[in-house]
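*Asks:* Below you'll find the structure I mean.
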């Protein structure tokens, strides 16, 4: 597929460039951070509007639901992560801007609790000026890393919401991180920017942070039934498969599953200052982020955290399941099969097949594997008139 493959290949060729002016002054490698080592993750895409902040917030909330302590750092001067939590800093609130510019401000001074097990470092519009104000300061790329070092042992996970640019703020986040996750939509323009993004990661790894790697692509607002999406996913798979034997930061990168399906509730939640788990905890978007966090948790931390929806205990040498179903499902008997959760949101049956299968397997396990999951709370109901009329 030449028309979409060309910008990706061109960008990847650029990713092997030997240097970049923005990193020329960075000559020292980052020393190891002291104490307990959390997973430090930068979520990065220089293309705006691809679901980066939505993913940062809701993936953090999903990890917190699993019992992980998370610190979020808002590096975007637009402060969308800050607003997503319903926080509006006043003049007395210390932010990432103060942390970077004022030598007297410590990380503790700029950390606020946002949710249970989720702390945040806030952003503000003034952060846009930080790059200019720090232009003459030696080692400016490592200021954030050095100031965060004393608080890292409190957290299992530190996540940076990087701005949609590849300047100093993004480089500061990459200087701290061990992993890069790339939220993107399976569209032509986001694909075009992946090459430049990988170039930047490669340069930061060579000049500042030798442990940095690109761990995964997160597909957001995904519509997997379209030809365009399938072709772009195939292009990405092909490219990353070809890099397995190369000494590049993306050699182990993969498209993470599940993709985050397009879901209107993910767009509505920020207007209420809520995560998707506050706003609609059992909608398709919440289920996708919950499942994604479960897979990353097992990969990064191994067994140990317990999902809020299911507790696992050993009984007589056999794993049993204590189940808690938060919301019944209702089948809509109207035209194309669809499902609505308890607050009436509709989704295609195909898009929720995995969730139903998962519940069915869980109930079977609960019943000792004897017969179908007859206790699953599903009933046939007429479709609401608003749903017959069209999508939300």
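What follows draws every value from the coordinates through simple rules; no lab data is involved. Computed from a predicted model, the values in this text were never measured in an experiment. Please note: Cβ atoms are built from the backbone with ideal geometry, for glycine as well, and neighbour counts cover all protein chains shown.
*Asks:* Over all distinct alpha-carbon pairs, what is the Kirkwood Rh of segment 146-206 in angstrom?
*Replies:* With all distinct Cα pairs of segment 146-206 included, I get 13.1 Å.
*Asks:* Which FRET efficiency value, to the nearest 0.05, is calculated for residue 149 and residue 93 with the Förster distance at 22 angstrom and r the Cβ-Cβ distance?
*Replies:* 0.45
*Asks:* A further question on this structure: Would you order 294, 116 from fewest to most other beta-carbon atoms within 10 Å of each residue's own beta-carbon?
*Replies:* So the ranking, lowest neighbour count to highest, is 116, 294.
*Asks:* I've got another one for you. If you find the alpha carbon centre of segment 121-153 and of segment 84-112, how far apart are they in angstrom?
*Replies:* 11 Å
*Asks:* Between residue 108 and residue 230, what is the label-to-label distance in nm when each label sits 7 Å out along the Cα-to-Cβ direction?
*Replies:* Label-label distance for residue 108 and residue 230, simple model: 5.7 nm.
*Asks:* 7 Å from Cα along Cα→Cβ at both residue 255 and residue 37: what's the point-to-point distance in nm?
*Replies:* Inter-label distance under the simple model: 3.1 nm.
*Asks:* For the peptides 82-89, 194-201, 225-232, what is the packing order when you average, over each peptide's residues, the other Cβ atoms within 10 Å and list the highest mean first?
*Replies:* Highest to lowest by the protection proxy: 194-201, 82-89, 225-232.
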